[in-house]
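> Once you've had a glance at the structure underneath, I'll fire off some questions.
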Amino acid sequence: MNTGKLNRRITIITAGTLTADGIGGFTQGTPTTRETWCSANQLSMSEMLSYGLETSTAAYRFSFKYFSSDDITRVKELQYESRYFRIAQIKELDEAKKEVQIIASERL
C-alpha cells in the first residue's frame, strides 16, 4: 500500500447497541467512531452504473488500511468531509487484510 496516497480523513461510525427498555421497546446506545486516513476518489457515472448505485447521489471509492478491530460491515457508515455515506460494497485488496477498498454512496 502506498501510504502517501492516504491524505484524507475519514470517520468510521458504528451504531450503538440496542438494549431492551423494559416496556417492550429498545433504546439505542451512543455510536462509536474511529478516524483514519484514506484515499478518496469520486466515481464517474459509468462506474456508478456498473456498481449498481443510484446516480442521483455522489459515490466514492475509499481505500484505507484495515484493522481487524474495525470489523467493517455494510451496516456501518462513513463520514467524509462532513457528509455521510452508506457502504455499498467492501473489497479486500490483499489477502493479509492490510488494505480495504469501500464503495459508498452519499446518504441524503
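Values quoted throughout were computed directly from the atomic coordinates according to the rules given, and no laboratory measurement underlies them. All of these numbers come straight from a predicted model, not from anything done at the bench. Cβ sites come from the backbone with ideal geometry, for glycine too, and all protein chains shown count toward neighbours.
> Could you calculate the contour length gain from Gln101 to Thr14, that is, 0.36 nm times the residue separation minus the distance between their Cα atoms, to one decimal place in nm?
My answer for the length gained is 29.6 nm.
> So for each of 35-45, 14-24 I average, over its residues, the number of other beta carbons within 10 Å; can you give me the resulting order with the highest mean first?
35-45, 14-24
> Counting Lys and Arg as +1 and Asp and Glu as -1, what is the net charge of the other residues whose Cβ lies under 14 Å from the Cβ of Ser50?
Overall, the nearby charge balance is 0.
> Given (1) 49, 33, 26; (2) 62, 34, 16; (3) 76, 38, 28 as candidate values of Cα extents along the principal axes in Å, which corresponds to the one derived from the coordinates?
Label (1) holds the value from this structure.
> Same structure, new question: Starting from the Cα of Lys98, draw a straight line to each of the lysines and keep only those under 18 Å, dropping any in the same chain fewer than 8 residues away.
Qualifying lysines at Cα under 18 Å: Lys5, Lys65.
> Another question about this same structure. Over the chain, what relative contact order in percent results from Cα pairs under 8 Å that are six or more residues apart?
Reported as a whole number, the value is 25 percent.
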